[in-house]
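J.: Handing you this structure, nothing more for now.
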Amino acid sequence: MFNPDKLKIVDFTQSVLPPAKARGTSVYCKGIEQRNLIEKTLSEGVISDVIRLQGTDADRNKTALLETKSKEFANARENGVYIFGAKRLGEVVFKGMQVLGFKVWGFVDNDKTLWGEDVQGCPVYDPSVLKEAKATICIASTVYTHTLINQVKGMGSNNLIQYSFLSLFSEEWFPTEIPYRNIFEDFSENAPRYLELYPMLADEKSRRVLTGLLKYRLTYEPNYVAEISDPAESQYFDDELVTYGTEEVFIDVGAYDGDTSQNYHELSGGVYKNIYLLEPDEALLAKAKERPFADERTCFIAAGAYSHNGEVSFDATGVTDGAITPLGSQKVAVVSLDSLDEITPTFIKMDIEGAEPEAIRGSQNLIAQHKPMLAIAVYHFGEDIWKILDQVRSINSAYKFYLRH
């Protein structure tokens, strides 16, 4: 296990950090203020725990975390399971449980319209059925985990397993969901990058959010996330950071059905110059065109943002997780934002299922020359939090960085 006391702290004078691989286990900072913050952080808290994972075996660390749920898995073998969540992820859990030999008593869901229905030939129950259940409850959600766990515990049961632990149990049958991809591999390979990231964040709230996320990633304990989360409606538009005005040009990359642009329109009071929506799924873009904000100031572009202009394979799911992937079932157009003539954005939002680094490469000129505000999703892969910051900083070192959840 790596000893944090052996880290080398390096002051650098260049405007841009050296590449991550070149920094190795050294920690680069700029100025005495950042150095003092790094040294203080090293002596306390979760980042020291992360640093100690440098060079360790990721699979062994996953196994150690999985062992914290050994009692619940043993009970599932003996008394079977209920699956809380009867939709997409619930069906994944059901199929995996069947293959692995666990008895499934049924689904549970808060959606009353599903009660009495069958999913995969298995009944859907009112959650009250769990009050007397000896079975283990499997939480088939990654978005509402904290809420559902509290609901189950409120009915007197602590015998539960959230989906993230099922992925540790069998990646083959419970594929890792987006928020958990590559977490422990990243800690094993890149732990010092988190210590560098900490002082680069521009406010105390950002550092608190980072600390909470790291605690969560080490333990999968959802209370840590609940403590640092903002309301969903403020996603992309932190009211302390985002300003509006008549000259604002908003580019919505990964526009989905126009929900984010609708939110921008409402929060700005309709005061802006233009909104551009990029969405490669034309069925979703058609829905966006029906939104009430669509007017002569709005431009809809049937393409994804990428590092270059052309075509890529795309998996169109019809919901929020459509993604560029080599296994995609269709070809879609992609464009670099730098190639969009005569568009000078003041604000770019990107949430594109892991393609953010490619889209940033295609926006280098805009970022370097015009420094638009950027709201970029950094949760699709474990390393995105520090890697995307590195990428933007290497293009324009004048940015200030904030982290919100």
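J.: Taking only segment 16-38 into account, find how many residues are surrounded by fewer than 16 Cβ atoms within 10 Å (Cβ to Cβ), in a helix (DSSP H, G or I) and not polar (S, T, N, Q).
T.: Final tally of qualifying residues: 5.
J.: Another question, then. Taking the options 166, 210, 195, name whichever one is more than 18 Å from the chain's Cα centre (by Cα) and more than 21 Å from residue 96 (Cβ to Cβ).
T.: 195
J.: Give 41, 13 a once-over and let me know the one that is of a type in the set (S, T, N, Q), modelled with pLDDT under 90 and part of a helix (DSSP H, G or I).
T.: 41
J.: Considering only residues of segment 118-139 that are of a type in the set (A, V, I, L, M, F, W, C) and assigned to a helix (DSSP H, G or I), which is farthest from the chain's Cα centre (by Cα)?
T.: It comes out as 129.
J.: Name the residues in segment 44-65 that are of a type outside the set (A, V, I, L, M, F, W, C), in contact with a Ser or Thr (Cβ under 8 Å, 6 or more places away or on another chain) and part of a helix (DSSP H, G or I), would you?
T.: Kept after step one, since they are of a type outside the set (A, V, I, L, M, F, W, C), are these residues of segment 44-65: 44-45, 48-49, 52, 54-57, 59-63.
Applying the additional criterion that residues be in contact with a Ser or Thr (Cβ under 8 Å, 6 or more places away or on another chain) yields 45, 48, 54-57, 61.
Those that are of a type outside the set (A, V, I, L, M, F, W, C), in contact with a Ser or Thr (Cβ under 8 Å, 6 or more places away or on another chain) and part of a helix (DSSP H, G or I): 45, 48, 61.
J.: Among residues belonging to segment 268-300 that are over 24 Å from residue 313 (Cα atoms) and touching a helix residue (DSSP H, G or I) at 6+ places or on another chain (Cβ under 9 Å), point out the one that is surrounded by the most Cβ atoms within 10 Å (Cβ to Cβ).
T.: Here the answer is 275.
J.: Here is a list: 68, 142. Which entry is under 20 Å from residue 179 (Cβ atoms) and not in a helix (DSSP H, G or I)? Break it down into steps so the answer makes sense when it comes.
T.: Numbers: 68 fails: not in a helix (DSSP H, G or I).
Only one candidate qualifies: 142.
J.: Okay, next question. Please give the number of the condition residue 107 fails out of (1) in the same structural domain as residue 167 (by TED's automatic domain parsing); (2) assigned to a helix (DSSP H, G or I); (3) closer than 24 Å to residue 178 by Cβ.
T.: With (1) in the same structural domain as residue 167 (by TED's automatic domain parsing); (2) assigned to a helix (DSSP H, G or I); (3) closer than 24 Å to residue 178 by Cβ applied to residue 107, the lone miss is (2).
J.: In segment 82-128, which residue that is closer than 14 Å to residue 148 by Cβ and in contact (Cβ under 8 Å) with a residue 60 or more places away in the chain is surrounded by the most Cβ atoms within 10 Å (Cβ to Cβ)?
T.: Only one residue fits best here, namely 84.
J.: A follow-up question, please. Taking residue 397, is it surrounded by 18 or more Cβ atoms within 10 Å (Cβ to Cβ) and either of a type outside the set (Asp, Glu) or within 19 Å of residue 339 (Cβ to Cβ) (or both)?
T.: Against the criterion (surrounded by 18 or more Cβ atoms within 10 Å (Cβ to Cβ) and either of a type outside the set (Asp, Glu) or within 19 Å of residue 339 (Cβ to Cβ) (or both)), residue 397 does not qualify.
J.: Tally up the residues in segment 57-81 that are surrounded by 15 or more Cβ atoms within 10 Å (Cβ to Cβ) and β-branched (Val, Ile, Thr), please.
T.: 1
J.: Which of the residues spanning segment 359-405 are closer than 17 Å to residue 349 by Cα and in contact with a Ser or Thr (Cβ under 6 Å, 6 or more places away or on another chain)?
T.: Correct list: 361, 362, 370, 372, 402, 403, 405.
J.: If you don't mind, there's one more thing I want to ask. In segment 161-179, what residues are surrounded by 16 or more Cβ atoms within 10 Å (Cβ to Cβ) and touching a Phe, Trp or Tyr at 6+ places or on another chain (Cβ under 8 Å)? Steps first, please.
T.: The first filter runs over segment 161-179 and keeps only residues surrounded by 16 or more Cβ atoms within 10 Å (Cβ to Cβ), leaving 161-169, 173-174, 176-177, 179.
Residues satisfying the conditions are 161, 162, 163, 164, 165, 166, 167, 169, 174, 177, 179.
J.: Please find, among 202, 191, the residue that is in contact (Cβ under 8 Å) with a residue 12 or more places away in the chain and crowded, with 22+ Cβ neighbours inside 10 Å.
T.: That would be 191, the only listed residue that is in contact (Cβ under 8 Å) with a residue 12 or more places away in the chain and crowded, with 22+ Cβ neighbours inside 10 Å.
J.: Taking into account only those residues within segment 153-170 that are modelled with pLDDT of 95 or more and either of a type in the set (Val, Ile, Thr) or part of a loop (DSSP other than H, G, I, E, B) (or both), which is farthest from residue 92 (Cα to Cα)?
T.: Checked segment 153-170; the qualifying residue farthest from residue 92 (Cα to Cα) is 161.
J.: Another question, then. Go through (1) without any contact (Cβ under 8 Å) to a residue 12 or more places away in the chain; (2) assigned to a helix (DSSP H, G or I) one by one and return the number of the condition residue 75 breaks.
T.: Of everything listed in (1) without any contact (Cβ under 8 Å) to a residue 12 or more places away in the chain; (2) assigned to a helix (DSSP H, G or I), residue 75 misses just condition (1).
The values are calculated or read from the model by the stated rules, or taken from the named source; none is laboratory data. Keep in mind that this is a model prediction, so the values were computed, not measured. FYI the Cβ positions are ideal-geometry reconstructions off the backbone, even for glycines, and counts take in every protein chain you see.
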